[in-house]
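Notes for the one structure printed next.
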Amino acid sequence: MTSQPTSRPTSQATSQPTPVRVPPRTSQVDLHPPRRRRPPAEPFVWLGFSAGGMIAALLLPVAAFLFAIAVPLGWLSPDFDHLSAVITNPVTIILMIIGFVVLIIHSAHRLRYLLYDGLKIKHKMLVGALCYGGAVVASIIAVILVLMAAF
Amino acid sequence: MSAPVQSRPRSYRRPVSVWWWLKKPTYLLFVLRELSSIFIAWLVAFLVVMVFAVGRGADSYRAFMDWAGSAWVVVINIIAFLFAALHTVTWFLLTPKAMALRVRGKAVPARMIIVGEYVALAVVSAFVIWLVFL
């Protein structure tokens, strides 16, 4: 076994079409199987999902409480000119666009698994296309509305 | 309900009921957590329209808040707020499992990450309130 440490890896590497790291000695079990090809969008969806999840966790409770409960019920009434100045500030506009888009991606990604696993709608491609397609459309509408607020 | 797949041979899988998530509290919590996505989408839509209304001036902002003060919108928004809070709690519980943080080669305990997230939540909330009201 110890007499041929270099010849075995090279002979294995030539027999395989892709250069995969060859594990030494344990030739029966492939410890590093070639990775399954994934659709290239998946890392970006996952990035949007986790970024959106973090933004939702940190910002949505306070935003929902202020603007969806406290202000409509008259508990708090922010000065409109100040609120308008804050919201139409270019920095706020850019941050809101990024925030809203990743929140939509996050929501669509979860909705996909809610429909697929929760309601057991076992049409993976259709559910995925509807959720992510809907997310793209919703993102475009959100960006347009936010930009219209600024100009 | 759906016909079992017979085209390719594979091991038998017992069909799972659509109501599988009512069988255990943890399953229910999982589905409620995933359900938060619908209310997060609602809150995004609500906030986007509010931003749009603010951009159009004081009158449309006031009209929007009058609409937002109607009973059914308030009820939806209170439910949405509760789901947003559920998302926050479950998300903070999950992050130490998804993200292994290391400082000088030592793993940061999960408890510390969660505490840090709640500190961040407090800071962000205070900042938003300061931004809107001061």
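The values are calculated or read from the model by the stated rules, or taken from the named source; none is laboratory data. Everything quoted here is computed from the prediction, not taken from an experiment. Cβ atoms come from the backbone with ideal geometry, glycine included; neighbour counts cover every protein chain shown. SASA here: full protein model, heavy atoms, side chains in, ligands and nucleic acids out. Shrake-Rupley method; radii C 1.70, N 1.55, O 1.52, S 1.80 Å.
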Given a Förster distance of 51 Å, the FRET efficiency implied by the Cβ-Cβ spacing of B:ILE114 and B:ARG13, rounded to the nearest 0.05, works out to 0.90
Averaged over the residues of A:83-94, the number of partner chain Cβ atoms within 10 Å of each residue's own Cβ comes to 3
Taking a ≥ b ≥ c as the square roots of the eigenvalues of the Cα gyration tensor, with a/c under 1.5 meaning rounded and otherwise prolate when a/b exceeds b/c and oblate if not, segment A:42-150 is prolate
Treating only Lys and Arg (+1) and Asp and Glu (-1) as charged, each at its beta carbon, one finds that segment B:17-68 has a dipole about its Cα centre, in Debye to the nearest 20, of 260
Whole-percent carbon and sulfur contribution to the accessible surface of segment B:19-88 (1.4 Å, no ligands, DNA or RNA) stands at 76
Whole-Hz Karplus couplings 3J(HN,Hα) for segment B:103-113, θ = phi - 60° and coefficients 6.51, -1.76, 1.60, Gly and Pro as x, run 10, 6, x, 9, 5, 6, x, 4, 4, 5, 4
Taking Cα atoms only, helix B:71-98 is inclined relative to the longest principal axis of chain B by an angle, in degrees rounded to 10, of 60
Karplus-derived 3J(HN,Hα) from phi for segment A:92-104 (6.51 cos²θ - 1.76 cosθ + 1.60, θ = phi - 60°), whole Hz, x at Gly and Pro, runs 4, 4, 4, 5, 5, 4, 4, x, 5, 5, 5, 4, 5
Helix-only [θ] at 222 nm, chain B, -39500 (n - 2.57) per DSSP H run of 4+, per residue, nearest 500, equals -25000 deg cm²/dmol
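Would you mind giving the total buried accessible surface between chains A and B, with a 1.4 Å probe and ligands, DNA and RNA left out, rounded to the nearest 100 Å²?
4500
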With the label point 7 Å along the Cα-to-beta-carbon line of A:ASN89 and a cut-off under 20 Å to each amide N, the hits in segment A:121-151 are A:146-151
Averaged over the residues of B:64-74, the number of partner chain Cβ atoms within 10 Å of each residue's own Cβ comes to 3
Inter-chain shielding metric for B:81-90, i.e. average beta-carbon neighbours from other chains within 10 angstrom, reads 5
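With the Cα gyration tensor of chain B giving a ≥ b ≥ c as the square roots of its eigenvalues, does the rule (a/c under 1.5 for rounded; else a/b larger than b/c for prolate; else oblate) give rounded, prolate or oblate? Spell out each step's value before the answer.
Details: a/c = 2.83, a/b = 1.32, b/c = 2.14.
Because a/c hits 1.5 or more and a/b fails to exceed b/c, chain B counts as oblate.
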Exposed trypsin sites (Lys or Arg not before Pro) being those in a DSSP loop with at most 16 other Cβ atoms within 10 Å, the longest stretch of chain B free of them is B:24-103
